[in-house]
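Notes follow once the structure below has been shown.
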Amino acid sequence: MKKELIVMAQKELDKYEVIKKLIAKEIGIGDAAKLINCTTRHIRRLRVKVRRDGAKGIVHGLRGKESNNKTDSKIWIKAKEIILEKYHDFGPTLAHEKIAEVEGIKISEQTTRNLMIAENIWHPKPRKQNKEYRCQRERKECFGELEQFDGCYHHWFENRGEESCLLASNDDATGKITKLELTDSESVANVFKFWKEYVQDLGKPLAIYLDKFSTYKINHKSAVDNSEMITQFQRAARELGITLITANSPQAKGRIERLFPTLQDRLVKELRLCGISDIPAANKFLKERFIPDFNQRFAVVPKKKTNLHRRLSDVQRLNLGAIFSVQSQRLVQNDFTIRFKNQWIQIAKEQKVTVRRKDTVLMEERLDGSLAIRLRNKYLNFKILTEKPQKIKEAIVAIPAKRIITRPRTDHPWRRQIAAEITKINC
């Protein structure tokens, strides 16, 4: 009789030995359950299988057979063809989303991952052998308690456009993207426009976590001791009552830093699929489609449901244009003109406040391109001159003074001396 070879793991061999002792009545059902670490009901099932099939009863019945949940080969081939055609440079997660939602193919994310690995479409990254212990900072408890903010330069339109800067704010408690905006640079004007729209839509967050870029912080060594040396953004945040927290390393604000690689993968491909190649269309797409979809997939539930965003006061709402303006100081000249950016500005005669020569006024460059001049919290009337008024320069002609001839008296010592000399000669 030909013997059947049964391949068993060590764990299965241990189970078989325990069940044999149970059948031989060397131990009870309760003791066998403790030794195998299972229920007594499962022990009875194993005893029945071993009595009927011997050692083969311990081995799982599906060993060596195809899984009942195996993906159909037709679906596998169809998914592979679509990935190679449209999503060859996508990651497994994003590729699965597009296959399921756009193409309508029912396939799991793990199967998509296995397919892309098996077909050499995607290669998993090796695990980092980092033995250094790192502790993740606990999230804030409430929405609006802390916003992480940063900008990222990247070719968001790939070869369809130039490099641009993506400004992003990420809520620390929920992980939601609260706002995204593509701009040409991380300038003061673009950052002001970003946060002006933010506070109008959502309100004022308690704090903003950002880096030491020159737009947000003066990094000169003398700024440590001089608290008055602040940037335009710090001044605007102070007027709104928003606390700014400066990170000393990228890891400190790791959530916003990790967001950008994700966006460089997902957003770039989404813009490509939609055929978007310019900043205005991209910003509309971000607001209407990308941000809601992203937050629905990846946002987390905060510990508390409280929203700590604060509404703008009536005064702040009226002065929002002044708050988010680039401000600088200038001196009023003797002829009541101001020199500003190669322009001459004439202060009008009629004002709500007294303007004196050598007064220091505050120049406000608004986001809409307009200019305002403020003195003692009053706005001045002015006009921009095409050129500085020329001063009247009169030539000064030197007129010689009239010469006055004086004659000495007859009894002057000088006359007496001359008269004596003449008399002496005549003699």
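The values are calculated or read from the model by the stated rules, or taken from the named source; none is laboratory data. Keep in mind the model is a prediction, meaning the values are calculated, not measured. Backbone-built Cβ (ideal geometry, glycine too); neighbour counts: all protein chains shown.
Please go through the stretch 197-216 and give me each residue that is within 23 Å of residue 229 (Cα to Cα) and over 15 Å from the mean Cα position of the chain (by Cα), ordered by number.
If the condition is that a residue be within 23 Å of residue 229 (Cα to Cα) and over 15 Å from the mean Cα position of the chain (by Cα), then 206 is the only one that fits.
For residue 219, work out the one condition from (1) in contact with a strand residue (DSSP E or B) (Cβ under 8 Å, 6 or more places away or on another chain); (2) part of a loop (DSSP other than H, G, I, E, B); (3) not β-branched (Val, Ile, Thr) it doesn't fulfil.
Evaluating residue 219 over (1) in contact with a strand residue (DSSP E or B) (Cβ under 8 Å, 6 or more places away or on another chain); (2) part of a loop (DSSP other than H, G, I, E, B); (3) not β-branched (Val, Ile, Thr) leaves (1) as the failure.
Which is assigned to a loop (DSSP other than H, G, I, E, B) and touching a residue at least 24 places away in the same chain (Cβ under 8 Å), of 71, 111?
Only one candidate passes the filter, namely 71.
Mind checking which pairs have a first residue in the stretch 374-397 that is farther than 24 Å from residue 326 by Cβ and a second that is at pLDDT below 70 and loosely packed, with under 10 Cβ neighbours inside 10 Å, Cβ under 7 Å, 6 or more apart or different chains?
none
Which one of 312, 271 is more than 30 Å from residue 387 (Cβ to Cβ), outside any helix (DSSP H, G or I) and at pLDDT 90 or above?
After ruling out the rest, the residue left standing is 312.
Given the conditions (1) surrounded by 12 or more Cβ atoms within 10 Å (Cβ to Cβ); (2) in a loop (DSSP other than H, G, I, E, B), which single one is not true for residue 65?
Tallying (1) surrounded by 12 or more Cβ atoms within 10 Å (Cβ to Cβ); (2) in a loop (DSSP other than H, G, I, E, B), residue 65 fails exactly one: (1).
I'd like the full set of residues that are at pLDDT below 90 and not basic (Lys, Arg), limited to the stretch 47-63.
Those that are at pLDDT below 90 and not basic (Lys, Arg): 50, 53, 54, 55, 57, 58, 59, 60, 61, 62.
Specify which of the listed residues (286, 244, 263, 210) is of a type in the set (A, V, I, L, M, F, W, C), under 17 Å from residue 146 (Cα atoms) and touching a residue at least 60 places away in the same chain (Cβ under 8 Å).
210
Against the conditions (1) farther than 30 Å from residue 98 by Cα; (2) outside any loop (DSSP other than H, G, I, E, B), where does residue 79 fall short? Just the number, please.
(1)
Restricting the search to the stretch 196-220, which residues are farther than 18 Å from residue 326 by Cα, touching a helix residue (DSSP H, G or I) at 6+ places or on another chain (Cβ under 9 Å) and among the charged types (D, E, K, R)?
Matches in the stretch 196-220: 204, 211.
Quickly run through the stretch 295-324 and pick out the residues that are closer than 21 Å to residue 180 by Cβ and either in contact with a Ser or Thr (Cβ under 9 Å, 6 or more places away or on another chain) or surrounded by fewer than 17 Cβ atoms within 10 Å (Cβ to Cβ) (or both).
Listed by number, the residues that qualify are 295, 296, 297, 298, 299, 300, 302, 307.
Modelled with pLDDT of 70 or more, assigned by TED's automatic domain parsing to the domain that holds residue 341 and of a type outside the set (A, V, I, L, M): is that true of residue 423 in this structure?
No; evaluated as a whole, the condition is false for this residue.
Go through the residues of the stretch 130-141 one by one and say whether even a single one is more than 26 Å from the chain's Cα centre (by Cα) and crowded, with 16+ Cβ neighbours inside 10 Å.
Looking through the stretch 130-141, none of the residues is more than 26 Å from the chain's Cα centre (by Cα) and crowded, with 16+ Cβ neighbours inside 10 Å.
Go through the residues of the stretch 352-366 one by one and say whether even a single one is touching a helix residue (DSSP H, G or I) at 6+ places or on another chain (Cβ under 8 Å), in contact (Cβ under 8 Å) with a residue 12 or more places away in the chain and more than 30 Å from residue 174 (Cβ to Cβ).
Yes.
Which of (1) modelled with pLDDT under 90; (2) at negative phi is the odd one out, the single condition residue 39 does not satisfy?
Unmet for residue 39, out of (1) modelled with pLDDT under 90; (2) at negative phi: (1).
Take the conditions touching a residue at least 12 places away in the same chain (Cβ under 8 Å) and touching a strand residue (DSSP E or B) at 6+ places or on another chain (Cβ under 7 Å) and apply them to residue 268. Does it pass?
When the stated conditions are applied, residue 268 does not pass them.
Pull up the stretch 97-110, narrow it to residues that are more than 30 Å from the chain's Cα centre (by Cα) and buried (at least 18 other Cβ atoms within 10 Å of the Cβ), then point me to the one that is modelled with the lowest pLDDT.
So, considering only residues that are more than 30 Å from the chain's Cα centre (by Cα) and buried (at least 18 other Cβ atoms within 10 Å of the Cβ), the one modelled with the lowest pLDDT is 107.
Can you list residue pairs whose Cβ atoms sit under 8 Å apart, with the first residue in the stretch 333-351 being assigned to a strand (DSSP E or B) and the second being surrounded by 16 or more Cβ atoms within 10 Å (Cβ to Cβ) and aromatic (Phe, Trp, Tyr)? Count only pairs 6 or more apart in sequence or on different chains.
If the second residue must be surrounded by 16 or more Cβ atoms within 10 Å (Cβ to Cβ) and aromatic (Phe, Trp, Tyr), the pairs left are 337/344; 338/344; 338/382; 345/382; 346/336; 346/382; 347/336; 347/382.
Considering only residues that are of a type in the set (A, V, I, L, M, F, W, C) and part of a loop (DSSP other than H, G, I, E, B), look in the stretch 115-159 and name the one that is farthest from residue 211 (Cα to Cα).
It comes out as 121.
Say we look at the stretch 328-352 and pick out the residues that are over 25 Å from residue 235 (Cα atoms) and among the β-branched types (Val, Ile, Thr); which of these is surrounded by the most Cβ atoms within 10 Å (Cβ to Cβ)?
345
Filter the stretch 142-174 for residues that are among the charged types (D, E, K, R) and surrounded by fewer than 22 Cβ atoms within 10 Å (Cβ to Cβ) and give the result.
Of everything in the stretch 142-174, those that are among the charged types (D, E, K, R) and surrounded by fewer than 22 Cβ atoms within 10 Å (Cβ to Cβ) turn out to be 145, 158, 160, 162, 163.
Out of 142, 135, report the one residue that is modelled with pLDDT under 85, hydrophobic (A, V, I, L, M, F, W, C) and not assigned by TED's automatic domain parsing to the domain that holds residue 293.
135
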